[in-house]
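Let me begin by presenting the structure, written as structure tokens, before commenting on it.
Since every read-out is calculated from the coordinates, none of them should be taken as a lab result. Source: prediction; values computed, not measured. We place every Cβ from the backbone using ideal geometry, glycine too, and count neighbours over all the protein chains shown.
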Ligand SMILES: Nc1nc2c(c(=O)[nH]1)N[C@H]1C(S)=C(S)[C@@H](COP(=O)(O)O)O[C@H]1N2
Ligand SMILES: [Mo]
């Protein structure tokens, strides 16, 4: 083997050996909240990657998830991201493995203590990774709630050093096999006339040995990886989908409990159980974990009264504001699952303004989050809209970690990207700036588009009326805080028919619509469009989610 092949071969083996170590990091996070190092490293790289490339990556990923019907877009996307992070990590170990091989080939190993080469190279790789991991976890999160720095560092150093030593053992074994075969080759070369044949044969032997070895290492590695990752998956808080009709929300006393229009069977639940609520954030894998006791909201900048609030103060010193809210991701496709409706509780920002008293020159608030995310909100908007709130509870329980514990903001009519979770700081400033996603090419205002979706053509719920068979068709329409004034359905490009609107949970939520269609058998295409509360027809043209949010008419075809 020439040296170049040797390097590739060493790198490949080291990477293979690295796979179960990626899984081990995943398991460590599941069991003990130890860092999932591959994710920390990927999160560190992401800001250096051009925004368009990231959007392209995410869009492609979501396309694949939808096309293959792999499951909930956000959950599967996180899984993909973890896999991608693991691949990058294993790649680093592969490169590290070539160094182990290089040092081994210097024949130093005889003079050095056993396994010291693998150990030292492992530690050398681990040190910068441990620094990056710590920066990712605690750099923007002064209230980090997890294992101490020394435990995390030991874990990272220990795991990667172990990888280094195992890699050394395996590379040594691999090289011995190769050497033994080539010595064999040499003897044969001298002693026989059928040189060519024997050379060919011994090359074949080397190849077979190498392949056999690779299969052995690969097989062991695969088994360990599956066990580690599987256990990790089992032991972590799983994103399950609950049957919405089995969750008891009666404590919420829905204001539209007596609404006349009943959703067509198969329409998505009007109120989204938290377990089913989509989650989007800039972290691959886990969101920042914040110690709720230690956490303080800092208010600073151009205000008369800079201060901090604890979670308890926000809950007790201010009148709680309860609002039913629909939030949507700007990346949501027409008909996608990145939209949900829940009951939000918090403190109106206007109450906060009264306490901190912005100076006349203050024009915006810069919101900073524990995950490194940030956004700006216009102070005039806050002064005009009492509904803008700092929210600490969904469903009358404290926010879940995924959804922004302990504090997130609600801004009506805007996509999720304008509404930071895990807030740590509000700084009053005298100029606007671009937020995290605005910097990456998304809309600066991110006002939600008016959209409507067909959730169901409920053939199984067909019923007779005046000698006609009617089939309930239904879905949602959403236009942020503008509300919905009208929804229309058409079948096979016929006339637009007006649907019935169910009284919504609040003026801030989606509206459930229903149209009972006089059935005709055959193949049909159903389309829906809507008008916002001001009577403006939605954009019918199909436009992609970037930069302003997806638009277009949702359609659904089926044979009846
Ligand atoms: N700190 C922080 N806040 C954030 C984000 C984030 O990545 N970090 N993502 C935003 C986006 S893009 C959306 S769509 C919503 C999603 O909120 P949810 O995960 O609770 O549904 O959170 C927003 N707030
Ligand atoms: Mo989003």
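With q set to 0.09 Å⁻¹, the log10 of I(q)/I(0) for the stretch 278-440, from the Debye formula over equal scatterers at the Cα positions, is -0.27. Distance between the 7 Å Cα→Cβ label points at residue 150 and residue 464: 8.1 nm. Multiplying the residue separation of residue 212 and residue 400 by 0.36 nm and subtracting their alpha-carbon distance yields 62.8 nm. Where in the stretch 146-161 does the label zone of residue 138 land, with the point 7 angstrom along Cα→C-beta and an amide N cut-off under 18 Å? Once the point is set 7 Å along Cα→Cβ of residue 138, 146-158 turn out to lie under 18 Å by backbone N, inside the stretch 146-161.
Once the C-beta distance of residue 275 and residue 431 is scaled by a Förster radius of 35 Å, the resulting FRET efficiency is 0.30 to the nearest 0.05. Using the alpha-carbon atoms, what tilt in degrees (0 to 90, nearest 10) does helix 149-191 show relative to the longest principal axis of the chain? Around 40 degrees separate the two axes. Stretching residue 231 away from residue 8 to a fully extended chain increases their span by 77.1 nm, per 0.36 nm per residue minus the current alpha-carbon distance. Globularity index of the stretch 451-559 is 1.09 (Cα radius of gyration / 2.2 N^0.38 Å, N = number of residues). Helix 51-68 versus the longest principal axis of the chain: what angle, 0 to 90°, nearest 10, using Cα atoms? So the helix axis and the longest Cα principal axis differ by about 80 degrees. Computed extension length for residue 537-residue 220: 108.1 nm, one decimal, from 0.36 nm per residue of separation with the Cα-Cα distance subtracted. Once both labels are positioned 7 Å from their Cα atoms along Cα-to-Cβ, the gap between residue 116 and residue 386 label points is 7.5 nm. If I take all pairs of Cα atoms in the chain, what percentage of them are more than 33 Å from each other? In whole percent, the share of Cα-Cα pairs in the chain beyond 33 Å is 54. Using the Cβ-Cβ distance between residue 123 and residue 67 with R0 = 35 Å, the FRET efficiency computed as 1/(1 + (r/R0)^6) comes to roughly 0.20. A quarter of the convex hull surface defined by the alpha-carbon atoms of the stretch 1-121 gives 10.4 nm² as the mean projection.
Entry note, the chain: relative contact order of 13 percent, from Cα contacts under 8 Å with a spacing of 6+ residues. A protection proxy built from the mean count of other Cβ atoms within 10 Å ranks the segments 50-63, 343-356, most packed first, as 343-356, 50-63. Taking Cα centroids, how far is the stretch 505-555 from the stretch 390-456 in Å? Value for the Cα centre distance between the two parts: 24 Å. Between residue 243 and residue 300, take the C-beta separation as r, use R0 = 45 Å, and let me know the FRET efficiency to the nearest 0.05. Step by step, r from the Cβ atoms, then E = 0.50. Ordering 242, 261 from the fewest to the most neighbouring beta carbons within 10 Å gives 242, 261. Relative contact order for the stretch 278-440: 29 percent, from Cα pairs under 8 Å spaced at least 6 residues apart, divided by residue count. Estimated translational diffusion coefficient (Stokes-Einstein, Kirkwood radius over Cα pairs, 10 °C, 1.306 mPa s) of the stretch 359-436: 124 µm² per second.
Against the chain, whose longest principal axis is taken from its Cα atoms, helix 73-105 shows a tilt of about 20°. For the stretch 214-345, rounded, prolate or oblate, judged on the Cα gyration tensor with a ≥ b ≥ c (square roots of eigenvalues), a/c < 1.5 rounded, else prolate if a/b > b/c? Since a/c reaches 1.5 but b/c is at least a/b, the shape of the stretch 214-345 is classed as oblate.
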